[in-house]
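What follows is a single structure, written as C-alpha cells, with notes after it.
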Amino acid sequence: MAEPLANLLSLLGIGFMALLVWAALAPFEALGWWAGWFGSNIHTADLPIHLPDAKPREDIDSYLVFLSGIAQVGGESLSRRERAFLEQLDENLAHTIVIDDIFPYSVNNLPLTGQPVFARLWRWALRSKLSDNWLERLGGYLINLRNIWQVAISIDHRYGPIYNQAMARVIAHGLARRGYNPEQAAPVFLVGYSGAGQIAVGAAPYLREQMGGPVYVILLGGIYGNDPGLLAVDRVYHLYGEKDTPQRLTPLVFPGRWPFLWYSDWNRARRRGRIVFRNLGPMTHGGSTGYMTRSQTLADGRTFQEATLDEMAAIVRENVEANAKRAG
C-alpha cells in the first residue's frame, strides 16, 4: 500500500514541477515576438472568412471582433454554438462587419495545430478533446491550460504590455483585411468571451492608438484583471449571467478588483463610469445553459442566445448613433 501511494505522490510531484516549468516558459512567446524571432508575419493562410462581407463599404458604420474562449486551438476552430451565434449577430447588425478569425492566444495569430515545434502535441490534444471517452478527453484540457497561461501573461504588468501590443497588431491586421479605413474612424467593438475578456481589455488601448477611431470592449462572461486598459478605452460593457460562477469568482482572484483598493485602475474606471454592467439573466459560463444556447428561455420567452444578441446589438447601435451625432 505504501509503495503505490509513494509512486502516486512522485507522479503528482513530477506533474507539479512540469506545471511550474511550463508557467516559467509561458512569457517566451511574447518576448520572442518583441525580439523579432518570429518575423513580422501575421498568420492568415487557410483561415476562412466565415461571415462573408457582401455589403458595400460605404454602408459599413462599425466593426466587431469576436475573441473566443480558452478552449480553442485557433481562430478557425469555433464551436457550432459560437458559429451559429456569430452568424445571427451578423444578420442582426446589417451595417457592421463581424470578424471571427482572430486567435487571441497567439502573438502572430498562428493556431496551435500549425506551430512548428509542438503541432503534433496540440493535434493530439484536440483529438483527445473531441473523444467520446471521458478519460481521453482529459488530454484536451492541455489546450485550456496553455491558453490560460497566455491570459496570465496579458494580465502580468511585466509582460502584459508586450503581449497586448502584439494582439492589438493582430487585430488591426484583421480589421485592415476586412476593409477598415482609419480615416473613416468607424467604431470598433472587441467582444471578449470568457478568458479572452482580458485579451480584449489589454489590447484595446493599443488598438485605439493604431486605428484612430473609438474602441469599445464587450465582455461576455469576461475573465479579466486590474488592467490599465480599463481607463484607456471608450467604454467597457460587462455582460454576465447570474449563474456564471467563473465570472463571479474572478474579482476574488485579482486584488486590484477589491473594492477597498480605491486607487486601482479597476476602481478608478468604475468611478468614472467606464465600466457598465448588464445582467443577462440566469445564464452560466458556457454549455447548454450558457449565453449562446437556444435550448433555454427567459421569462419573456426569448432564448438565452436571443437575449445575449439583443443586448450586444443594442450596445453597438447606441454607440454608433452617439458617435455619428458627435461627428455630425
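We did not get these values from a lab; they are worked out from the coordinates using the rules stated. Predicted, not measured: the structure shown is a model, and the values here were computed from it. Here the Cβ is made from the backbone with ideal geometry for all residues, glycine too, and neighbour counts use every protein chain on show.
Based on alpha-carbon positions alone, could you give the equivalent ellipsoid semi-axes of region 218-323 from the gyration tensor, as √(5λ), descending, whole Å?
26, 18, 9
LEU261 sits among other residues whose Cβ lies under 13 Å from its own Cβ, and their net charge, with Lys and Arg +1 and Asp and Glu -1, is +3. At an R0 of 25 angstrom, the distance between the Cβ atoms of ALA299 and LEU130 translates into a FRET efficiency of 0.10.
Annotation for region 97-182: chymotrypsin sites (Phe, Trp or Tyr not before Pro) lying in DSSP loop with at most 16 further Cβ atoms inside 10 Å of their Cβ are PHE118.
Based on the alpha-carbon gyration tensor of region 60-327 and its eigenvalue square roots a ≥ b ≥ c, which shape applies: rounded if a/c is under 1.5, prolate if not and a/b is larger than b/c, or oblate? Rounded, because the longest to shortest axis ratio a/c is under 1.5. With distances taken between every two different alpha-carbon atoms, region 100-233 has a Kirkwood hydrodynamic radius of 15.7 Å.
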